[in-house]
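Only one structure is covered here, and it is reproduced in the block below.
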Amino acid sequence: MSDGLEIEDSLVSALVECGREAHRIAIAHQLDPGSNGFTFGADRYHRATELVTPILEDHGFTVRRQGGGMTAEKDGLQLQFATARGIDLRNRSHFDMDSSPARHRAALTNTYIQEPIPGIHASSTECVVHVIWSGDVDAGLTAVYVGKLISSSQQLDWEDLIRVDHDGHEVSLKNLDPAEIPVLSYDEQPAPGFELGLIRQPETNEK
C-alpha cells in the first residue's frame with residue numbers, strides 16, 4: 001500500500017481461498033427453505049471468517065468477535081472483514097461504505113493517524129484495513145480487495161484499495177480493465193431466486 005504496509009502472500013492466498021470456499025458453501029445452502037439474499041450474504045460472511053480464523057491465528061493475529069462482525073489485530077494493525085455484492089467498491093450500490101458505524105470508526109482512525117503536517121505525529125499507531133470478499137449467487141467470488149477507509153467530511157472514501165485475487169498478485173484498481181468493472185444500478189443487479197408456493201384459499205359455501 002502507499003504507506004508501505006504489506007500483508008504476507010501466504011495470508012493473502014488464504015483470504016482468497018477462504019472467500020471462494022465460503023461462496024461455494026453459501027450457494028449450496030441457497031435453495032434451503034427460507035433462503036434469500038440476506039441469508040446468502042450472512043452465510044458467506046460468517047463461513048469465510050470462520051474458515052480464515054485459524055490461519056490468522058497462525059500468522060500471529062488475535063481474533064475477536066464484535067457483535068456480528070470479526071476483527072483480527074497484530075502490531076497496531078487491525079483487519080476488519082466485509083462482503084460486497086459487486087466488484088466496484090466505489091459504487092455504493094455494490095458496497096455501501098457509509099452503512100456501518102464500524103466503518104465510520106475505521107475511517108476516522110485512519111484519518112487520525114495520517115500526518116497532514118510534517119513533524120506532527122498522532123498518538124495512535126493503529127491502522128484499520130478492510131478485507132472485502134465480492135460476489136453474488138450467480139457468479140460466486142468475483143474479487144477480493146484490501147483497503148483503507150478514510151473520512152472526508154461526512155463522506156467515506158478509500159485511501160488505498162487494492163485487488164489481491166489475480167493469481168496472488170496485487171492489482172491496483174486504477175489499472176483494472178474497465179470492462180471488468182460494470183457500473184450497474186441496484187435494480188439492474190441480479191437477485192437470488194426465491195419462490196413461494198401458492199396459498200390455497202379455504203372454500204366457502206357462498207354462491
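For the range 6-23, backbone phi angles converted through the Karplus equation (6.51, -1.76, 1.60; θ = phi - 60°) give residue-by-residue couplings of 10, 10, 4, 4, 5, 6, 4, 4, 5, 4, 5, 5, 5, x, 4, 5, 4, 5 Hz, Gly and Pro being listed as x.
Taking the Cβ of R103 as the center, what net charge do the other residues with Cβ under 13 Å away carry, scoring Lys and Arg +1 and Asp and Glu -1? Before the final figure, lay out the partial values.
On the way: positive: R92, R105, K148; negative: D96, D98, D157.
Taking every Cβ under 13 Å from that of R103, the sum is 0.
Estimated at the nearest 10 Å², the accessible area of H46 is 80 Å² with a 1.4 Å probe. Largest to smallest in accessible area, the residues D75, D32 fall in the order D75, D32 (1.4 Å probe, all protein chains included).
The values are calculated or read from the model by the stated rules, or taken from the named source; none is laboratory data. Values in this document were obtained by computation on a predicted structure and should not be read as measured data. FYI the Cβ positions are ideal-geometry reconstructions off the backbone, even for glycines, and counts take in every protein chain you see. Calculation scope for accessible area: heavy atoms of the full protein, side chains included, ligands and nucleic acids excluded. Shrake-Rupley method; radii C 1.70, N 1.55, O 1.52, S 1.80 Å.
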